[in-house]
1. If we scan the range 37-56, do we find a residue that is aliphatic (A, V, I, L, M) and modelled with pLDDT under 95?
2. Quick check on this structure: which one of Ser8, Ser27 is of a type in the set (S, T, N, Q), surrounded by 15 or more Cβ atoms within 10 Å (Cβ to Cβ) and under 15 Å from the mean Cα position of the chain (by Cα)?
3. Assess whether Ala36 counts as being under 16 Å from Ser8 (Cα atoms), loosely packed, with under 13 Cβ neighbours inside 10 Å and among the hydrophobic types (A, V, I, L, M, F, W, C).
Amino acid sequence: MPGPQQISAAEAARPADTTLSRIYQRSCISCHVSPASTAPLVGFAADWAPRLTQGQDVLLQHARDGYKAMPPKGFCSDCSDQDLRRLIEFMSTPIHIPPPAKEAA
């Protein structure tokens, strides 16, 4: 289960590409930043690892056709396969959370 730092990092993460960022904010963010959702949390490696072992083609198929609670194309009816691949790549890339700073003695 992701901790508060992972959730905050997921909430703040956005694709660098502005077009992809707009798609992400319109279609993906509502589920992929909520631990209450069954969707894998953005940047949280533990959520993505078992999915990534299935391979990119399976992930694309799930994104395109829908899978479990995810609707087809995740509410992005105008997304191309390339858009979906790029969104999967962005969301599945681990976000590095630095350890808490130690207090000076």
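1. no
2. The conditions single out Ser27.
3. Criteria met by Ala36.
The values are calculated or read from the model by the stated rules, or taken from the named source; none is laboratory data. Quick caveat, the model's predicted, so the values are computed rather than measured. Glycine also receives a Cβ, built like all others from the backbone with ideal geometry; neighbour counts cover every protein chain displayed.
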